[in-house]
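Data first, discussion second: the structure below is written as structure tokens.
The values are calculated or read from the model by the stated rules, or taken from the named source; none is laboratory data. Everything quoted here is computed from the prediction, not taken from an experiment. Just the protein is used for accessible areas: all its heavy atoms, side chains included, with ligands, DNA and RNA removed. Shrake-Rupley method; radii C 1.70, N 1.55, O 1.52, S 1.80 Å.
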Amino acid sequence: MNFSKTLSVLIFSVLFSFNSYAQGFIDGNYKEEKSETKAVSFTQYKVEDIAEYTGKNTKAKNIILLIGDGMGSSHVFAAIAANNGKSYFQKFNNTGFSKTQSASSFVTDSGAGGTAIATGHSVKNGVISVDENNAPLKTILEIAEDNNKATGVVATSTVTHATPASFVAHNKNRKNYEEIASDFLTSGIDLFIGSGKSHFDDRKDKQNLIKELENKGYEIVLDKNNISKIKGDKVAGLLFDESIGRYKKRGEILVPATIKAIEVLNKNNNGFFLMIEGSQIDWASHENNVDDMITEVAEFDRAVGEALKFAEKDGNTLVIVTADHETGGFIINDGSIEKGTIKGSFNTTHHTGTMVPVFAYGPGAESFNGVYKNTKIFYKMLDAFEFDVNVAKKDNEEVIVKF
């Protein structure tokens with residue numbers, strides 16, 4: 001056999017092998033032994049009926065924004081299938097997709113992703129609601145405060161972590177947790193529940209911000225078992241020094257915190273803005289832990305259910321569910337809705353650049369249909385509140401005038 005023929009055969013063999021591998025990967029036949037797992041310990045939960053929103057209002061008195069950190073479409077469907085095909089995600093008639101690219105990277109981090117939703121600005125990775133000159137960008141939570149609405153954030157992470165911080169604080173570095181904690185005292189926020197106590201009372205500057213919060217009239221809650229006992233109108237819930245821990249360790253926190261946050265903020269006759277984050281969907285996905293990921297999405301889904309139940313009764317509340325980015329490149333390879341099992345695999349331990357879903361229910365929900373940049377969510381919320389805000393045009397993008 002001559003050299004050229006031998007080379008042709010070799011090239012054909014390589015291409016055939018690669019094509020077979022690629023097709024096998026698409027079919028889910030590869031990676032099975034290394035990264036494919038079953039959600040074997042998942043406990044199914046009841047999903048209540050939610051009536052379709054039929055109101056004529058386009059203005060929302062309240063907005064509840066729920067962010068599943070790292071939650072892509074496959075994460076959502078894995079949780080649906082694991083719960084025998086039942087989920088509050090399926091109660092939304094208005095759905096869309098958000099493109100998550102940041103100003104500095106095709107793949108965003110939570111700082112830039114949270115800032116885009118909170119302020120309407122694309123910013124570089126690693127910052128918290130500041131522009132390219134580190135000037136603060138006004139957030140939807142701060143604008144709600146300006147309009148005399150009650151405001152709050154709830155998270156299954158430290159409240160100083162990137163996503164909740166993006167709505168409350170302004171910093172050039174998302175890891176400046178103690179500086180971010182200081183911003184909570186000047187933000188005017190009415191309620192925050194999560195972890196991160198050490199960023200408030202075990203600080204390098206020796207300040208005890210918890211005492212300062214008490215002096216400002218906040219009810220301090222340091223035990224997750226006391227969430228249901230909250231009575232005050234201003235609440236600082238710092239349930240753990242650092243991380244809350246995964247669901248199997250911490251138990252149900254997001255659901256009771258959601259119920260209580262809505263109860264507290266709803267005392268304000270002018271309405272409220274509440275951001276709720278299912279933080280550890282992201283962390284479980286970084287670890288490529290399918291079982292934990294599904295459990296975290298399921299808890300988040302139950303919190304979504306509480307928001308929907310309130311909105312159904314209230315009639316003036318817009319509920320939005322989305323993600324700041326996708327994590328893990330999660331793929332569903334197989335499963336059984338009848339048995340409530342999922343086989344899935346991750347492509348990476350990092351964030352990805354794929355679009356993420358957006359769900360909406362209530363006044364103004366129709367505007368969330370379609371495909372759009374993540375910054376548009378901010379403007380859609382402004383429109384739903386019908387806030388009279390000075391908005392400038394820059395490079396065909398709406399940009400809120402900075403304060």
note = On the accessible surface of the stretch 287-361, probed at 1.4 Å with all protein chains in place, carbon and sulfur together account for a percent value of 47
key: the chain, accessible area per residue, ligands and nucleic acids excluded (1.4 Å, Å²)   = 43
key: From the C-alpha gyration tensor of the stretch 288-334, square roots of 5λ in Å   = 28, 12, 8
query = Which value in deg cm²/dmol, rounded to the nearest 500, describes the helix-derived mean residue ellipticity at 222 nm for the chain, given -39,500 (n - 2.57) per DSSP H run of n ≥ 4 and division by the residue count?
reply = -10500 deg cm²/dmol
task = May I have the count of lysine pairs in the stretch 54-126 with C-alpha atoms under 26 Å apart, counting pairs 8 or more residues apart or located on different chains?
result = 6
ask   = Percent relative contact order of the chain, based on C-alpha pairs within less than 8 angstrom and at least six residues apart?
value = 29
ask   = Can you list the aspartates and glutamates whose alpha carbon sits under 20 Å from that of Lys313, skipping same-chain ones fewer than 8 residues off?
value = Glu48, Asp49, Glu52, Glu263, Asp301, Glu366
query = Which lysines have a Cα lying under 23 Å from the Cα of Lys249, excluding residues fewer than 8 positions away in the same chain?
reply = Lys38, Lys46, Lys197, Lys224, Lys229, Lys260
